[in-house]
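The values are calculated or read from the model by the stated rules, or taken from the named source; none is laboratory data. The shown structure was predicted, so the numbers you read here are calculated from the model rather than taken from an experiment. Glycine also receives a Cβ, built like all others from the backbone with ideal geometry; neighbour counts cover every protein chain displayed. Please note that ligands, DNA and RNA were not included when accessible areas were found on the heavy atoms of the full protein model with its side chains. Shrake-Rupley method; radii C 1.70, N 1.55, O 1.52, S 1.80 Å.
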Amino acid sequence: MLCLRSGLTRALAARMPTPQVCASFATGPRQYDGTFYEFRTYCLKPSKMNEFLENMKKNIHFRTAHSELVGCWSVEFGGRMNKVFHIWKYDNFAHRTKVRKALAKDKEWQEQFLIPNLALIDKQENEIAYLVPWCKLEKPPKEGVYELVIFQMKPGGPALWGDVFQRAINAHVNLGYSKLIGVFHTEYGALNRVHVLWWNESADSRAAGRHQSHEDPRVVVAVRESVNYLVSQQNTLLIPTSFSPLK
């Protein structure tokens, strides 16, 4: 009887299909690409915002000599005011380490920007994120405003919610009212967090597009599916600085 049960168990196991895990965020060509993005947020003293931006505009070339600045914005709406948000690109972690060591030895950067601005900054935050495999970093067609939407998803990672999240984003993209600049999945910082950066011609065109999307059945269905995995979300309206590569 024992042999019969063992044989039956092996036969059933052979027939059972192997579970397939869908992890579209974590697989594909970009899984082997070490490129990542550092999100840096500086909370400034209210009376020092303009002084900080002027100093940054004047001396940013010392910093960009070491690594690529993707974009720099001031926060207009959403959350704490007097904030500067910027994104830096690195080839890998060794590259970032090399850059930080070089900056520590760069006297012009230290003396003309870093040291004078330390007294203006109230708080600093950073996160490390990768572009998701199904998205590449885009550029806007012309100058405009940006919306950064932060989605805090349920634990389990992209294997759990990656596909439905992608469908929700693509549903908005297909309406064409806003241009998707990039979708980033956090590696260091709050985990299961996704940052989505959009470009809009203006805050009013963004509002009109959102009203349109609320009436579109494709968007409604995709969003209803994705919110089952959503913990919270927050957005900010960003105004590009005069020296930001992304305008």
Suppose every K and R has +1 on its Cβ and every D and E has -1 on its Cβ; what is the size of the dipole of the chain about the Cα centre, in Debye to the nearest 20? 640 debye
Could you give the alpha-carbon Rg of the chain over 2.2 N^0.38 Å, rounded to two decimals? 1.25
Please work out whether segment 187-247 counts as rounded, prolate or oblate from its C-alpha gyration tensor, where a ≥ b ≥ c are the square roots of the eigenvalues and a/c under 1.5 means rounded, while otherwise a/b larger than b/c means prolate and anything else oblate? oblate
Against the longest alpha carbon principal axis of the chain, how many degrees, from 0 to 90 and to the nearest 10, is the axis of helix 2-15 turned? 50 degrees
Relative to the first principal axis of the alpha-carbon coordinates of the chain, what is the inclination of helix 203-214, with its axis defined by its Cα atoms, in degrees from 0 to 90 and to the nearest 10? 10 degrees
Output ordering of 220-231, 236-247 (per-residue mean of other Cβ within 10 Å, highest first) is 236-247, 220-231
Could you size up the charge dipole of segment 90-135 around its Cα centre, putting +1 on the beta carbon of Lys and Arg and -1 on that of Asp and Glu, and report it in debye to the nearest 20? 240 debye
Measure nothing fancy, just the Cα-based angle from helix 158-173's long axis to the longest principal axis of the chain, in degrees from 0 to 90, nearest 10. 60 degrees
When the helices in the chain are scored as -39500 (n - 2.57) per DSSP H run of 4 or longer and the sum is shared across all residues, what 222 nm value do you end up with, to the nearest 500 deg cm²/dmol? -10500 deg cm²/dmol
Where the accessible area of the chain is counted over protein heavy atoms with a 1.4 Å probe, how much of it, in %, is carbon and sulfur? 54 percent
For the chain, the charge dipole (Cβ of Lys, Arg +1; Cβ of Asp, Glu -1; about the Cα centre) points to a positive end, and the Cα of Tyr37, Pro158, His214 closest to that extreme belongs to Pro158
Given a 1.4 angstrom probe, what's the average accessible area per residue across segment 48-203, in square angstrom? 49 Å²
Specify whether the C-alpha gyration tensor of segment 84-135 places it in the rounded, prolate or oblate class, a ≥ b ≥ c being the square roots of the eigenvalues: rounded for a/c under 1.5, otherwise prolate if a/b is larger than b/c and oblate if not. oblate
What aspartates and glutamates could a cross-link reach from Lys247, if we take a straight Cα to Cα line under 19 Å and drop same-chain neighbours fewer than 8 places away? Glu38, Glu54, Glu68, Glu76, Glu138, Glu143, Glu147, Glu201, Asp204
